[in-house]
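Taking it in order: structure first as C-alpha cells, then the write-up.
The values are calculated or read from the model by the stated rules, or taken from the named source; none is laboratory data. From a predicted model like this one, the values you see are computed outputs, not experimental measurements. Quick reminder, even Gly has a Cβ in these numbers, built from the backbone with ideal geometry, and neighbours come from all protein chains shown.
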Amino acid sequence: MNDLVLYTNPQSRGRIVHWLLEEIGLPYETVWLEFGPAMKSDEYLAVNPMGKVPALKHGSALVTETAAICAYLADRFPEKNLIPPSDHPARASYFRWLFFGAGPLDQAAATKALGWEVPEGKSGFVGFGSYSATLDALEKALTPGPYICGEQFTAVDVYIGSLLGWGMMFGTIEKRPLFEAYVERLYARPAVQRATRINEDYLKSRNP
C-alpha cells in the first residue's frame, strides 16, 4: 500500500490534488468515491467528518480541504520545488495567494454561481468585498508573471489555476486575457494532462 492515498471523485476538486500529486511524481493510491451514501458512510466519515472530497492520507497524517492539502504536500516534499524557500520573499506571496484562493476567490465565484450579490454598502461584511475587486486583485498579482511566485511554478499555481480554469469554463469567473493566458500556460504542463486523463478514463469506465 502506498503512503499517499487520495480520496476523490472525478467531478470534484480532487482533480486539483490529483494534478499536484502528478507534479510531485511519487507513487500514490486513488480511492474513488461516489457522491451520496459512499461519502456519508461511517468508514469515510472517519476520514472526513464533512463527508466530502478530497481528502489525503499520508502515513498516519490526514488532511482535508483542498488548499490545506496543497500546502501540506508542497511543504512535506520541499525537494520538488513547489513552495519557495522559507527565507525567500516569494514565500509570502505563496501563502497570501493560496489563502486568497481558498477565501475571497472561492467565495466570489460561489456567489456568482448562485446569483447572489452583496447588497450596496455591505461589502465590509463579506471576506471578498466584491466580485470585481476580487478579480482585479488577482489580475494584479498575476500581471508580473509568469507565475504567482515569479519564475517559480508552485502549488499555488495548481490551486489558483484550477479555480480560474473551472470558473471561466462554467461562467463563475469572467474571462480576462491575462487569466486565459495564465491558465493556458499551466494546462500545457504534462502533470495536469496526466491527471486529466486519469480522471477522464475513470469517468469513461463508469459510463462505457
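Every residue, every condition in (1) assigned to a helix (DSSP H, G or I); (2) assigned by TED's automatic domain parsing to the domain that holds A67; (3) more than 24 Å from Y7 (Cβ to Cβ), yes or no:
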{"residue": "F95", "(1), (2), (3)": "yes, no, yes"}
{"residue": "L98", "(1), (2), (3)": "yes, no, no"}
{"residue": "W116", "(1), (2), (3)": "no, no, yes"}
{"residue": "S132", "(1), (2), (3)": "yes, no, yes"}
{"residue": "L135", "(1), (2), (3)": "yes, no, yes"}
{"residue": "V158", "(1), (2), (3)": "yes, no, no"}
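Counting residues in segment 148-155 that are modelled with pLDDT of 95 or more, assigned to a helix (DSSP H, G or I) and not assigned by TED's automatic domain parsing to the domain that holds N48 gives one or more.
Among the numbered conditions (1) assigned to a loop (DSSP other than H, G, I, E, B); (2) under 23 Å from P177 (Cα atoms); (3) out of contact with any Gly (no Cβ under 8 Å at 6 or more places or on another chain), the only one that F128 does not meet is (3). In the set P144, P208, only one residue is over 26 Å from P10 (Cβ atoms) and either assigned to a loop (DSSP other than H, G, I, E, B) or among the β-branched types (V, I, T) (or both); that residue is P144.
Need the failing condition index for E120 against (1) surrounded by fewer than 16 Cβ atoms within 10 Å (Cβ to Cβ); (2) acidic (D, E); (3) outside the structural domain of F153 (by TED's automatic domain parsing), just the number. Of the numbered conditions (1) surrounded by fewer than 16 Cβ atoms within 10 Å (Cβ to Cβ); (2) acidic (D, E); (3) outside the structural domain of F153 (by TED's automatic domain parsing), the odd one out for E120 is (3). Picking from residues in segment 1-43 that are aromatic (F, W, Y) and surrounded by fewer than 22 Cβ atoms within 10 Å (Cβ to Cβ), the one that is farthest from G59 (Cα to Cα) is F35.
Quick one: which of P104, P54 is at pLDDT 95 or above, crowded, with 21+ Cβ neighbours inside 10 Å, touching a helix residue (DSSP H, G or I) at 6+ places or on another chain (Cβ under 6 Å) and not assigned by TED's automatic domain parsing to the domain that holds S162? Show your work before the answer.
On the way: P104 fails: not assigned by TED's automatic domain parsing to the domain that holds S162.
So the residue among P104, P54 that is at pLDDT 95 or above, crowded, with 21+ Cβ neighbours inside 10 Å, touching a helix residue (DSSP H, G or I) at 6+ places or on another chain (Cβ under 6 Å) and not assigned by TED's automatic domain parsing to the domain that holds S162 is P54.
Tallying residues that are surrounded by 14 or more Cβ atoms within 10 Å (Cβ to Cβ) and either in contact (Cβ under 8 Å) with a residue 60 or more places away in the chain or not in a helix (DSSP H, G or I) (or both) within segment 186-205 yields 9.
Tally the residues that are assigned to a loop (DSSP other than H, G, I, E, B) and in contact with a strand residue (DSSP E or B) (Cβ under 9 Å, 6 or more places away or on another chain), restricting the search to segment 48-64.
Qualifying residue count for the region: 7.
Residues of segment 163-185 that are surrounded by fewer than 16 Cβ atoms within 10 Å (Cβ to Cβ) and among the aliphatic types (A, V, I, L, M): M169, L178, A181.
The set of residues in segment 71-110 that are within 24 Å of G25 (Cα to Cα) and acidic (D, E) comprises D75, E79.
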